[in-house]
Structure formats: structure tokens, C-alpha cells
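Quick notes on the structure that follows.
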Amino acid sequence: MLFAALLSLVSLFDDENPPLKNIKQDSIKEKVWEYGAEFKLNFSLANSSPNWSSGNSNNITVTGLVNAGANLKWKRLSWDNKFKVNLGLVSNRQEDIRGDLYWSNRKNIDNLFIDSKLGLDFEEYPTLSLYGGLNFQTQLLPGYSYSKDSIGRDLAKMTTSFLSQGQTQFALGTENKFLKNYFVRLGYITLKQTYVINQELYDLRNEAVIARVERGAYIDNEFGIQVQMGGSQSFGPKKMFNAKLNYLGFLPYQTAPAILDSRVDFSLTTQINKYLSLNYTLIAIFDKDLVKPGTNAWQNSWVFGIAYGYFI
């Protein structure tokens, strides 16, 4: 069951940079547009007979990804944009204490991510630039915690929803693209804003503060430093393997002691043919504001999947 569930997942947060397959160049105005998008979808069904010695299991998994980008280069100016939507559902067939079968439906991933960066290159140092950037992320559908009722069926309690929590980061700093596929950004002035728009969550979770946002406040502001770095590398026969690594960190100014919030995304992909690929993805997050005091602030998730993709 575990292998079938992992195999059914696609790499849903793998590429730091969307596949920019198209180029539009204006040689007179010296403008170059690069743009592209990919769409991935996977459906799987796992089943076994009721007398299967290892325990029977029945589940359906549907996962999908939209990953798009558009970049403009005009003389010393650059404008880079990314847009991602990840959404997945796992449906497991379970049995209550009366022996009746039912389907338990849960999300396995849900994320909307937008990133936009405006840069100005230094004439003396073409790999170095000033930048102003904005990234935004939230989930699209409500999230739930689950328990069992008196007959052994799922009881769902909403714990998160759209813009609850949501987050934006506005950053001003410098970026160094020291190699073709690698970059380092330092946002010396960064405003991190966390949103909890759904005020019902405070009663449902029996908490007065969620992710630093107090009941009735809707938003929390933090100033600090943003650190972002990443890159990609192809290797192997005919460069059939590709590895990508991205790190995003935020160090607040006003918190004592200062704690670095971190997110690490790593992916390893091999293209089987034009449409099919194998993917391994690891996501690790450290943020004490997202967990209850005294609990482990590290959250880790990894998936191995085979995906069908379409590129434009």
C-alpha cells in the first residue's frame, strides 16, 4: 500500500524554475521574453482481496500540477515571474466497527505559490543585481484533522483554509547569478506578512493565536532578512537526470533570540520519454510559528512518483 501510494504521486513542488520553452526576441528594442508552462496529472488505483495476508487496502489517488513562468530581459532590467498550483486527493476505502465500507477522502497536497522579481544589473558586475521581490503562498481548500466517531467513521475538524494561513514576503536586496543555473539572493529589508482570514479557526482549534496572528487581528507583520539560494544541474548519460535545490530563509529582526525560518526543496527527475518522468521530491520546513510550543518545528515530506506531463 505504501509503495502504491508513493508511486501514484507526482513531483508537486519540484522545479525551482518553470520550463521556459518559448523565446520571443525584439532585436530593435533589445527585449527578450522567455515563457512556458507544464501540466502534470496522475491517477492511480490500488486494490487487494479481503483475505490478502498483509491486510487489504483500496485507495484512489489523483494529483496534479500547473507550473508556469514568464521572464523578461531588457538591457539591464529583468522581470522574472513564477506561478504554481499543486492539488492532490487520496481516497481510502475503510471499514467501520459494524463492518460497513466507506470512502475516506483527504488532501495529500494543496498549495498556491506566486513569485515575482524585478532586477537591475550592475554595469561593472553583470552577474550582480539589485532586486525587489514579492512571493505569495497559501492553500486553496480547507484542511482538516481527523478522529473517529462512535462507529469508527471519520470525524473531520477544519484547521486551515484559504489565506488561513497565507503568507507574503516583500524583499529588497541583491542577487548574484554567479553561474548559469545558480543564484543567491539576500533581501536586507524584508517584510513578512502572515494572514489568518478565517476567524472561525480560533474557536475550532481552541487557540487565541495562530501562526503569530492574534484573534481579530487578521494579519501579523515581521521585518527581517530574506535568504534565498538555489540551482539546478543535469548529469548522467545524455543528461537524463536533473537535480534541483532551493532554500528560502527568513530571519526576523525583532525576535529575541532570532530564529531562522527555513524551507528546503530538493528534487531529482529523470525523463522517461516526452511525456513520462520519474520524480523524487523532498520538502523540509522549520518554522516554530506553525506548530504548538514545545513540539518539533521540523516538518518533512518526501514523495517518489511517476508523472504524465504536457508542456507548452
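The values are calculated or read from the model by the stated rules, or taken from the named source; none is laboratory data. Please read all numbers here as calculations on a predicted model, not as lab measurements. FYI the Cβ positions are ideal-geometry reconstructions off the backbone, even for glycines, and counts take in every protein chain you see. Each accessible area value is taken on the protein alone, full model and side chains, heavy atoms only, with ligands, DNA and RNA left out. Shrake-Rupley method; radii C 1.70, N 1.55, O 1.52, S 1.80 Å.
For region 222-284, what are the per-bin percents of Cα-Cα distances with bins 10 Å wide, up to the bin holding the maximum? Pairs per bin, as whole percents: 20, 35, 22, 15, 8, 0. For residue 85, the solvent-accessible surface with a 1.4 Å probe is about 30 Å², rounded to the nearest 10.
Note down the net charge around residue 165, summing +1 for each Lys or Arg and -1 for each Asp or Glu among other residues with Cβ under 11 Å from its Cβ.
-2
Summed over qualifying helices (DSSP H, 4 residues or more, each -39500 (n - 2.57)) and divided by its residue number, the chain shows a 222 nm mean residue ellipticity of -1000 deg cm²/dmol. Once all protein chains are placed together, residue 74 keeps about 100 Å² accessible to a 1.4 angstrom probe. Label-to-label distance for residue 130 and residue 72 is 1.9 nm, based on points extended 7 Å past Cα in the beta-carbon direction. Farthest towards the positive end of the charge dipole of the chain, among the residues 139, 163, 221, is the Cα of 139, using unit charges on the Cβ of Lys, Arg, Asp and Glu. Applying 0.36 nm per residue to the separation of residue 174 and residue 298 and subtracting their alpha-carbon distance, the gain on full extension is 41.8 nm. Using a 1.4 Å probe on the protein heavy atoms, what percent of the accessible area of the chain belongs to carbon and sulfur? After summing per-atom areas, the C and S share lands at 62 percent.
Each semi-axis of the equivalent ellipsoid for region 177-284 is √(5λ) with λ an eigenvalue of the Cα gyration tensor; in descending order they amount to 37, 20, 10 Å.
In Å², and per residue, what accessible area does region 259-304 have when probed at 1.4 Å with the other protein chains present? Let's see the in-between values first.
Working: 2710 Å² over 46 residues.
Accessible area per residue: 59 Å².
Placing pseudo-labels 7 Å out from each Cα toward the beta carbon at residue 253 and residue 156 gives an inter-label distance of 4.3 nm. Simple spin-label estimate for residue 205 and residue 33 gives 4.1 nm between the two label positions (7 Å along the Cα-to-Cβ direction from each Cα).
Solvent exposure of region 165-205 amounts to 49 Å² per residue of accessible area, where only protein heavy atoms count and the probe is 1.4 Å. Loop-located trypsin sites (Lys or Arg not before Pro) in region 153-235 (DSSP state other than H, G, I, E, B) with a sparse environment of at most 16 neighbouring Cβ atoms within 10 Å: 153, 180, 215. Label zone of residue 104 (point 7 Å out along Cα→Cβ, amide N under 15 Å): in region 140-171 this covers 144-157. Note that the chain carries a Kirkwood radius of 21.8 Å, evaluated over its alpha carbons pair by pair. May I ask for log10 I(q)/I(0) of region 112-225 at q = 0.16, 0.19, 0.22 Å⁻¹, from a Debye sum over the Cα atoms as equal point scatterers with solvent left out? Values returned for q = 0.16, 0.19, 0.22 Å⁻¹ are -0.81, -0.97, -1.13.
Count charges around residue 104 for me, please; just the other residues with Cβ under 10 Å from its Cβ, Lys/Arg as +1, Asp/Glu as -1.
+2
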